[in-house]
Amino acid sequence: MRAIIQVVRSAKVTINGALCGECGTGFLIYLAIHKDDDELACQMMVDRISKLRILPDHAGKLNWSLNEVEPSEKAKILLISNFTVYGNPWNGRRPSYQDSASFELGQKLYLLVGNQLRSQGITVSEGEFGADMEIESVAIGPVNLIIDTKR
């Protein structure tokens, strides 16, 4: 499982012009599921995301996790499925996506990650799995991390 995590002031996703999900200060996460991923990979990813200390504190230092932000400024996650994160661009001009999970496995584990994050007390908004989406965001920093459960 691989995630691109961007710290944002705000982010939103629309499908066919209709708002599907949004978040305030928090993380915009592009999540890709590998063909060999399982529930353990979901738990590893959720554990890492929930404890990352990359949100700005009162002094502007990247020092807070999602659960440490003051309630009046509750951080959130906008979770977007994105199989192209596993794209391999090194064989020709068109990337290969052979390492990405099947639609069924990808959808199951994507939904599981969202539910596990919610069980940690984190507010999660989502795009629609497999849909053609438009994402807008206002980045902070910029701070972008790539997390891979297959280190």
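What to note about this one:
- The criterion of being over 12 Å from Ile5 (Cβ atoms), touching a helix residue (DSSP H, G or I) at 6+ places or on another chain (Cβ under 9 Å), modelled with pLDDT under 95 and exposed (fewer than 15 other Cβ atoms within 10 Å of the Cβ) holds for Asn67.
- Of the strands (runs of 3 or more DSSP E) entirely within the stretch 43-144, those holding at least 1 residues that are under 29 Å from Asn16 (Cβ atoms) occupy 76-81, 123-126.
- When Leu19, Leu31, Leu55 are checked against the criterion of being hydrophobic (A, V, I, L, M, F, W, C) and under 14 Å from the mean Cα position of the chain (by Cα), a single residue qualifies: Leu31.
- On inspection, Leu79 fails the criterion of being more than 21 Å from Gly24 (Cα to Cα) and aliphatic (A, V, I, L, M).
- Pair list, Cβ under 6 Å, 6 or more apart: the stretch 116-137 residue touching a residue at least 24 places away in the same chain (Cβ under 8 Å), other residue among the hydrophobic types (A, V, I, L, M, F, W, C) and in a loop (DSSP other than H, G, I, E, B): Gly127/Met133
- Selected residue (only one of Ile122, Ile146 is within 20 Å of Ile49 (Cα to Cα), surrounded by 15 or more Cβ atoms within 10 Å (Cβ to Cβ), in contact with a strand residue (DSSP E or B) (Cβ under 7 Å, 6 or more places away or on another chain) and among the hydrophobic types (A, V, I, L, M, F, W, C)): Ile122
- Restricting the stretch 37-59 to residues that are of a type outside the set (A, V, I, L, M) and in contact (Cβ under 8 Å) with a residue 60 or more places away in the chain leaves a set whose member that is farthest from Arg2 (Cα to Cα) is Pro56.
- Whichever residue in the stretch 75-102 is more than 26 Å from Ser50 (Cα to Cα) and basic (Lys, Arg) and, among such residues, is nearest to the chain's Cα centre (by Cα): Arg94
- Residue that is at pLDDT 95 or above, surrounded by fewer than 19 Cβ atoms within 10 Å (Cβ to Cβ), within 15 Å of the chain's Cα centre (by Cα) and of a type in the set (A, V, I, L, M), where the choices are Leu117, Leu105, Leu111: Leu111
- On the stretch given as the stretch 1-42, residues that are surrounded by fewer than 20 Cβ atoms within 10 Å (Cβ to Cβ) and on the phi > 0 side of the Ramachandran plot total 2.
The values are calculated or read from the model by the stated rules, or taken from the named source; none is laboratory data. What you see is a predicted model; the values in this text were computed from it and never measured. No Cβ is skipped: glycine too gets one built from the backbone with ideal geometry, and neighbour counts run over all protein chains shown.
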